[in-house]
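Just so it is clear, none of the values below were taken in a lab; they were calculated from the coordinates. All values derive from a computational prediction rather than experimental measurement. Don't worry about glycine lacking a Cβ; one is built from the backbone with ideal geometry, like all the others, and counts go over all protein chains shown.
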Amino acid sequence: MFGDDDELAETLCDLAVPHEDINTVVRMSRRVTDDPELRAAVERSLAVLVEGMGEIRDGAELPELDWPSGPLQRYFPLYVLLAALPAVRAHHRDRAIPPEVGRRTLADTGRCLAAHRRRYGTGGVLAPRWLTLHFRGELYQLGRLQFQRGRIGSWTGDSIAAAGLPVGTGDFGLGLHIPDFLGPLTPRAVDRSLELARAFFARHYPDEPYQVVTCGSWLLDPQLKRYLPEGSNIVRFQERFHISRLPDEPEDDVPVRFVFGGAPDADVERLPRRTALERAVVDHLRGGGHWYVGHGWFRL
């Protein structure tokens with residue numbers, strides 16, 4: 001199912017799995033392969049993951065593993081993703097996706113393992129459902145940013161229609177995501193990613209005309225402009241967007257989770273204030289304010 005130990009270790013390196021996790025994953029893979037119950041669980045999850053490979057389905061909800069908590073349960077989604085590699089690579093070949101794009105896209109696997117250890121101090125896969133997008137051909141890493149094939153929702157669609165564009169709710173729209181551990185979000189890096197996205201989707205998914213980019217992120221909360229310099233990367237990124245919606249309910253845990261990497265219920269009073277962004281998040285919360293996940297769009 002996963003190849004021999006040497007082959008599996010090389011595959012894990014290709015997926016950017018942190019070196020400190022590789023020995024554990026290789027060792028436990030023998031148990032997953034040899035235990036009929038675990039092997040069957042992988043096969044059930046694999047069937048869900050690869051069904052309709054390449055279709056826009058917003059990822060897949062993998063079945064829960066009925067197993068005691070511990071390393072095997074935390075790493076289990078990785079074995080499902082490993083089992084799905086032949087299917088997603090076949091989809092990439094069918095769409096003539098350049099191998100380097102496929103490799104960098106699937107390397108987000110390692111980022112999710114690194115984020116799990118950063119947050120919880122243990123090995124495991126953070127947000128496995130998120131990775132199902134990559135392993136279904138629904139999301140691609142293009143330069144600094146990630147782009148998710150999808151359709152425009154009603155909040156954004158109304159805003160786009162009001163701006164007079166000939167697209168709206170239900171039409172194709174590219175969801176934009178900002179991965180961690182990949183350097184600053186400079187305007188130059190964003191411009192390059194957008195140029196790559198225009199060419200990539202026109203060539204490899206010509207049946208899906210993308211005219212707008214959408215995003216839902218705490219980075220689109222206009223309150224950030226009160227704390228960050230006018231020329232900061234985040235402010236300049238935010239200014240690309242037409243804000244289509246700000247929710248009524250705050251989500252203070254989101255910036256805490258992304259900026260500091262720890263548990264979302266971390267004690268705000270104990271969070272560091274080393275950078276302008278850290279000070280913005282912390283000072284706003286300490287002052288009784290709240291953060292919101294904004295939704296916005298711009299023309300591709």
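Here are some notes:
- A cut-off of 5 Å between modelled amide H atoms, ignoring neighbours fewer than 5 places along the same chain, links A60 with T132, L133.
- The long axis of helix 36-50 is offset from the longest Cα principal axis of the chain by roughly 40 degrees.
- Label point at K225 placed 7 Å out along Cα→Cβ; residues across region 270-300 whose backbone nitrogen lies under 19 Å: 277, 280-281, 284, 290-299
- Sorted peptide list for 113-122, 144-153, criterion being average Cβ within 10 angstrom, highest first: 144-153, 113-122
- F201, F181 arranged by Cβ crowding within 10 Å, fewest neighbours leading: F181, F201
- Relative exposure of C13, C215, judged by other C-beta atoms within 10 Å (fewest first): C13, C215
- Inter-probe distance in nm under a simple model that places probes 7 Å from Cα toward Cβ, at H242 and E7: 5.2
- Cα centroid of region 97-111 to Cα centroid of region 154-171, whole Å: 31
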